[in-house]
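Student: One structure coming up, written as structure tokens, with questions to follow.
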Amino acid sequence: ILIRKRRSQQELLVIANNLADAFEADFLMLARLLPDIQVLCSQPNSTAVETGSCDQLNLQSICFILQRFMRVVSSKLHPVMLFLDDLQWCDMAALMLIESILSDAIGSSCVFFVGSYRSNEVQHDHGIFRLIGRLNSFGVPTTRLSLEGLSPKDLNTMISDATCLFPRLCEPLSDIVFQKTKGNPFFVLEFLRSLVEKGLLEYSAEKKRWVWDEDCISSIDITHNVLYLLSSKMSGLSRGMQLALTMASCFGIKVKESIVEYLSASPKFSYMRSGMEHAVKEGLMVKVGTSDFRFVHDKVREAAYSLIPEHEKSKYHYNLGLTLYSITKRSNVDDIIYSIADQINHGMSVSCEQSPELRLELAKLNKRAGLKAVDSSDYMTARSYLNTTMSLMPTDHWKDHYIFSLRLYFLLAKSAYSCGDLEKAYAVSQEILHQAHCLRDKLDAYQLVVVILYDMGKREEAYMTTHDVLSQLGESIPDDFGKKETKEMVVATSKMLSNLSEESLLEMKEMGSKEQYLLKLYSILTLVSFNSKPGTLPFFTCRMVQLSMKHGICKYSLIGLVQYAAMGCSHMMISNIQQACQIGKFALAGLKRFSLCSSTDQLARLFSIYYGFVAFYSEPIQSCIDNLVKGFECGIATGDTLSGFLCAIMHVRISLVGGMSLPNLLEKVDYYQEVMFKHSSLHVKTQLSLFRDTILTLMGKGCNISSELPDEEGNLLTELVYYHKAMRAYWSGHSERSHYFVEKLFQGINNSGGRHQRRFFLLYYGLNSFKVMKQTSSQKLKAVPRDVLKALKVAACYSEGNFRSKVHLLEAEIFSREGSNEEARASYDASIEYARSSKFVHEQGLACELAGLHCRKVGDNMSAWSFFNQAKQCYCEWGSQMKVQNITHQLEQIGV
């Protein structure tokens, strides 16, 4: 609202467009967090969030969404200032949110944050000090100011101004006031008001000035505490007003209108409304808008609260909560459910023994509060209420309250998981599996257990758990995934998809609930098997597609289709790559079938697979890069961090292959690692570290130990290490070392994920084979260039822009080796031109470098010198100082 007031219509239009561009499918998530976003972006239905249908957000998601929002609405021209008072009352979630906004690794937002807290109300281990320390570690400049009370001189000036007297005449009064209040502004004002009320400070009509009784004022004992002063003032109020203030103080600094209304309707508390209105007239409270009441200062609230004897406070809260609960039992009290539960829970431990019936009622009340918190994505609050619910349940609750217990335990497990407490979530889920009567009642818990195991790095256990559940649901999963059986299943699936079109996909019937659950489990299983058992992936993918074609479509069907397309492109099991790409596009188009809110949780996974493994063969590489960034943002925003980071990894990988500026790419990797810092996936962290080291190597800055991971055969991470070692060795000029790791990489193709890396190294494999043959005189690799050229030509038929420059470059090297110099020169020129038009600056540099070497070999030093200079310019633009130095050495050898 403030942004709208302070910006012109043109600026607001720019902000609205930027918000739409930045969030796209995530806009509903933003609208859920900031309902007033329609003030800035009044698009039709933009804020129509379907309650309960959106995937739940966790704290990391909320932080990430608000980071992106601040990037859009703040700038150097229009910085945003955020002020939060009383930080001493902030919980860890609120402090983490502040930290995420201020330590945004991209650094494109322009935010000035001011926070205040009372130093006498925080201990040395308070989260505020951890926040300051972490901000300093992130390089965020922080300044700490200690605000003391008014000095005697400033206090005298203030009193002089208020009484319209010369400062020298006010000094006796201001000295006494300073001694009593130590210059605390609020204390000073309240003290002066009390003096006026007692007649010790009054305006004399006779003398036409303010006068005071110094001796009486000096003799007042207020124990240097404003609470004493305020409490003394309140003790003089009417009994009804005191009771109203005391009761209001139990609800905090603000009291909702509905609480006042409910209590006032009860004969026991009929004085509540009039007491609150009188408190407003006395200046102790103010109206918020036209309904709620708020204390004018938290010290006023503390003073009212101090009217309750310390030993009676817990019982007072408990009785107040029970009274409010009994009054509202048959009403819809969602807006005050927290207030009721908090009052009762505050005094639960010291209250008299509750009857079993009352304990069960209170358990249901806390469960309602916990469910409301879950719906608001406030999982920390939800966990607190749900833990209280559990403590109130009878010992035999699984027997007598089975359905209630089942729902309670799942909500608690989900809340603990969203708070990052994997151990607690796992333990509670295991209790469900132990107590549930049938498989149907265990399914949600099984799904959560598998995700938890995956996050814990226990992928084998996650795989076996999902495998076991699917078997119990009647799915027949073979123990051995042989090539023959897999090929037969792929052929059968391909036939089922032969007549699929976008129209027929959108018109398919909706899948039943049982089959949807099967597909959901298979979707998780494919994610697990991709990293731990790649050989099983074709079976599970085909099974997902077959279930969809037989029983209808759901959002998980789209995962099966796009995964089938990726399998066709990566494993070459579908003879026609064009068909695979078409199926992948159908999967994305299938999103139209579902509401944006209900399918957003699958968007990151879809993008990671399609733009990471399929679109490379059919769309410009820049489109893949842009959409992978969107997939990352959507994944983090919706809580699907795993898919989000898969998008991040694929974004870095394809950007590297696409010739993105190395310094810019390094910044992006650092940003991903910064976001990753708050998560605990070792697999993702390792992959990002590998890419970072490769980029540093190409830039000529060396790398660290993360590149020297142990070579354990048969898993995806090992093949990633081979890929990076081969890449670094090739660009560094170590051809035999590069060939060694390429061979290691390709050896794993039949049993694991090597094919996913192969497509990114085909060109370099073909080019490197010439160097290896020249150095070793080996003829084993003689067929490699032609085989690679054949594969590249097939790919170029589908994506001219991504592969044609590679085809021409490898053809040029073959012609050069065969002595066909004119054909070689023409192919070099064609490769350079295609690389330039596709903006593959690194391949343009490589083509110029190899063309220069060819020209030098045939004695055309002038052309060689020209090509080397072009190569140097390209490598400089790419950001590879290592290659710039290498080309500089080549130029020195020519001597032109």
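Student: Candidates (1) 1.14; (2) 1.20; (3) 1.48; which is the computed Cα Rg over 2.2 N^0.38 Å?
Tutor: So the calculated entry is the one marked (2).
Student: Per residue, what accessible area does the chain have, given a 1.4 Å probe and all protein chains present, in Å²? Numbers along the way, then the final one.
Tutor: Working: 40850 Å² over 896 residues.
Here the per-residue accessible area is 46 Å².
Student: Would you give the gap between the C-alpha center of region 821-869 and the C-alpha center of region 108-139, rounded to a whole Å?
Tutor: Computed from Cα coordinates, the inter-centre distance equals 56 Å.
Student: Further question: Please compute the net charge surrounding Gly127, taking Lys and Arg as +1 and Asp and Glu as -1 over other residues with Cβ under 11 Å from its Cβ.
Tutor: Residues near Gly127 contribute -1 overall.
Student: Now, a different point. Which whole-number percentage describes the relative contact order of region 123-210, with Cα contacts under 8 Å and a sequence gap of 6 or more?
Tutor: 22 percent
Student: State the Cα centre-to-centre distance between region 269-319 and region 165-185 in whole Å.
Tutor: Value for the Cα centre distance between the two parts: 31 Å.
Student: Using a 1.4 angstrom probe and counting only protein chains, how large is the accessible area of Met247 in Å², to 10?
Tutor: 10 Å²
Student: How many nm is it between the label spots at Ala265 and Asp670, if each spot is 7 Å from the Cα in line with the beta carbon?
Tutor: My value for the distance between the label points is 6.0 nm.
Student: Figure the gain on full extension for Glu121 and Gln578 (residue separation times 0.36 nm, minus the Cα-Cα span) and round it to one decimal in nm. Don't skip to the answer; put the middle values down first.
Tutor: Numbers: separation 457, 0.36 × 457 = 164.52 nm, distance 6.69 nm.
Result for the pair: 157.8 nm of gain on full extension.
Student: Looking at the chain, send over the antiparallel percent of its DSSP beta bridges, to the nearest 5.
Tutor: Percentage antiparallel, nearest 5: 60.
Student: Using a 1.4 Å probe and counting only protein heavy atoms, arrange Lys424, Lys198 so the residue with the most accessible area comes first.
Tutor: Values: Lys424 70, Lys198 125 Å².
Of Lys424, Lys198, the descending order of accessible area is Lys198, Lys424.
Student: Here's another thing I want to ask about it. Net charge near Glu361: determine it from the other residues with C-beta under 12 Å of the C-beta of Glu361, scoring Lys and Arg +1 and Asp and Glu -1.
Tutor: In short, +4.
Student: Non-local amide H neighbours of Val288 (under 5 Å, H modeled in plane, Pro and chain starts lacking H): which ones?
Tutor: Those qualifying (amide H under 5 Å, at least 5 residues apart or on another chain) are Phe293, Arg294.
Student: Taking loop as defined by DSSP and a crowding limit of 13 other beta carbons within 10 Å, which GluC sites (Glu not before Pro) in region 72-181 fit?
Tutor: Those that pass, being in a loop and sparsely packed, are Glu148.
Student: Take the alpha carbon gyration tensor of region 484-568, find the square roots of its eigenvalues, order them as a ≥ b ≥ c, and report rounded if a/c is under 1.5; if not, report prolate when a/b exceeds b/c, else oblate.
Tutor: On the way: a/c = 1.95, a/b = 1.27, b/c = 1.54.
Oblate, because a/c is 1.5 or more while a/b does not exceed b/c.
Student: Moving on. Could you give me the percent of Cα pairs per 5 Å distance bin for region 131-277, shortest bin first, beginning at zero and ending with the bin that holds the maximum distance?
Tutor: In whole percents, the pair-distance histogram is 2, 8, 14, 14, 11, 10, 11, 11, 9, 7, 3, 1, 0, 0.
Student: Give me, ordered by chain and number, the residues 5 or more places off Leu201 or on other chains with an amide H under 5 Å from its own placed amide H.
Tutor: Amide H neighbours of Leu201, under 5 Å, 5+ apart: Val196.
Student: What is the set of long-range amide H partners of Phe840 at a cut-off below 5 Å, with H atoms built 1.01 Å from backbone N?
Tutor: For Phe840, whose amide H was placed from the backbone, there are no distant partners under 5 Å.
Student: What ³J(HN,Hα) values, in whole Hz, does the Karplus curve 6.51 cos²θ - 1.76 cosθ + 1.60 give for region 80-86 when θ = phi - 60°, with x put for Gly and Pro?
Tutor: 10, 9, 10, 10, 10, 9, 6
Student: Under 8 Å for C-alpha pairs, at least 6 residues apart: give me the relative contact order for the chain, rounded to a whole percent.
Tutor: 7 percent
Student: Note down the nm distance, to one decimal, between modelled labels 7 Å out along Cα→Cβ at Glu202 and at Leu473.
Tutor: It works out to 8.4 nm between the two label points.
Student: Turning to a different aspect of this structure: Grab the Cα-Cα distance for Glu736 and Ser291, subtract it from 0.36 nm times how many residues apart they are, and report the gain in nm with one decimal.
Tutor: Full-extension gain reported as 152.3 nm.
Student: Taking a virtual spin label 7 Å from the Cα of Asp213 along the C-beta vector, which residues in region 147-172 bring their backbone nitrogen under 19 Å of it?
Tutor: Taking a point 7 Å out along Cα→Cβ of Asp213, the residues of region 147-172 whose backbone N falls under 19 Å are 172.
Student: Can you sort Asp221, Asp455, Asp479, Asp292 by solvent-accessible area, 1.4 Å probe, largest first?
Tutor: So the residues, ranked largest to smallest area, are Asp479, Asp221, Asp455, Asp292.
Student: So if each residue of separation counts as 0.36 nm, and I subtract the Cα-Cα distance between Cys876 and Lys793, what length gain in nm does that give?
Tutor: 26.9 nm
Student: For region 458-479 and region 330-377, what is the separation of their C-alpha centers, rounded to whole Å?
Tutor: Centre-to-centre (Cα) distance: 40 Å.
Student: Further question on the same structure: Show me the three semi-axes of the equivalent ellipsoid for region 324-375, from the C-alpha gyration tensor (sqrt of 5 times each eigenvalue), largest first, rounded to whole Å.
Tutor: Details: eigenvalues 69, 29, 23 Å².
Over the Cα atoms of region 324-375, the semi-axes work out to 19, 12, 11 Å.
Student: Residue by residue through region 334-347, which ³J(HN,Hα) values in whole Hz follow from phi under the Karplus form 6.51 cos²θ - 1.76 cosθ + 1.60 (θ = phi - 60°), with glycine and proline marked x?
Tutor: Working through the residues one at a time gives 4, 6, 10, 4, 5, 4, 5, 4, 4, 4, 5, 5, 4, x Hz.
Student: Something else: Taking region 352-454, which GluC sites (Glu not before Pro) meet the DSSP loop condition and have no more than 13 other C-beta atoms within 10 Å? Don't skip to the end; give the middle numbers.
Tutor: Values: sites: Glu353, Glu357, Glu361, Glu423, Glu431; in loops: Glu353.
Here the GluC sites (Glu not before Pro) that fit, given the DSSP loop and packing criteria, are Glu353.
Student: Along Cα→Cβ, 7 Å out, is where each label goes; now give me the distance between the ones at Asp334 and His437 in nm to one decimal.
Tutor: 3.0 nm
Student: Let me ask something else. Where q = 0.12, 0.26, 0.27 Å⁻¹, what log10 of I(q)/I(0) comes from the Debye formula for region 421-502, counting one point per Cα?
Tutor: With one equal scatterer per Cα and no solvent, log10 I(q)/I(0) is -0.53, -1.20, -1.25.
Student: While we're looking at this one, here's another question. Over the chain, with every protein chain in place, what whole percent of the accessible area is carbon and sulfur at 1.4 Å, could you tell me?
Tutor: Working: 21090 of 40850 Å².
Carbon and sulfur together cover 52 percent of it.
The values are calculated or read from the model by the stated rules, or taken from the named source; none is laboratory data. Keep in mind it's a predicted model, so treat the numbers as computed, not measured. Glycine also receives a Cβ, built like all others from the backbone with ideal geometry; neighbour counts cover every protein chain displayed. Ligands, DNA and RNA are stripped out before the accessible areas are found, and what is left, the full protein with its side chains, is counted by its heavy atoms. Shrake-Rupley method; radii C 1.70, N 1.55, O 1.52, S 1.80 Å.
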